[in-house]
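So the structure is just underneath, and the comments pick up after that.
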Amino acid sequence: MTQQTEILKCDCNVIHQEVVDLVRTTMPSQDKLQELSQLFKVFGDPTRLKILSALFKSEMCVCDMATLFNMTQSSISHQLSVLKQARLVNYHREGKVVYYGLDDQHIQQIFDQGYLHIQER
């Protein structure tokens with residue numbers, strides 16, 4: 001079922017300058033909006049979301065994630081590289097094993113807020 005949404009617009013050309021000025025002075029810079037856009041693009045991949053979701057529960061190595069998701073270690077490593085570049089995951093080594101985890105708790109908050117939003121339907 002597709003839902004059509006009509007976009008309403010003003011029937012006049014009145015500019016509410018005080019509103020425009022307020023919003024203009026409080027909006028994030030173009031650079032920050034670009035950075036935020038890149039962050040949301042990283043969240044736009046289901047495999048990366050699965051990896052993040054798993055890391056909410058526990059640190060994991062690539063071998064464990066490959067088994068959990070029935071994927072190759074190479075595929076997991078590629079996705080982890082993207083997540084690491086976006087500063088969403090970090091890692092530490094214990095002997096020969098490299099464990100990945102969340103970079104900070106903001107990542108789960110971003111995920112949770114998005115998940116709550118889609119549950120409202």
Mean separation of Cα contacts under 8 Å (at least 6 apart) over the residue count of region 45-119, i.e. the relative contact order in percent, is 31 percent
Between (i) 1.12; (ii) 1.03; (iii) 1.49, the structure-derived Cα Rg over 2.2 N^0.38 Å is (iii)
In deg cm²/dmol, rounded to the nearest 500, the helical mean residue ellipticity at 222 nm of the chain, built from -39500 (n - 2.57) for every DSSP H run of length 4 or more, is -18000 deg cm²/dmol
With R₀ set to 22 angstrom, the calculated FRET efficiency between the beta-carbons of Ser74 and Lys50, to the nearest 0.05, is 0.85
Exposed-loop cut sites defined as GluC sites (Glu not before Pro) in DSSP loop states with at most 11 other Cβ within 10 angstrom; longest site-free run of the chain spans 7-119
Listed residues Thr25, Thr72, Thr47; largest mean-square fluctuation, Gaussian network over the chain with Cα springs below 10 Å, found at Thr25
Ordered by number, the trypsin sites (Lys or Arg not before Pro) in region 1-76 that occupy a DSSP loop and have at most 11 other Cβ atoms within 10 Å are Lys9
When Tyr115, Tyr100 are arranged by how many other beta-carbons sit within 10 Å of their Cβ, fewest first, they go Tyr115, Tyr100
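Laboratory data are not the source of any read-out in this text; all were calculated from the coordinates shown. Fair warning: this is a prediction, and the values are worked out from it, not measured in the lab. When we count neighbours, we look across all protein chains shown, and the Cβ atoms used for this are built from the backbone with ideal geometry, even at glycine.
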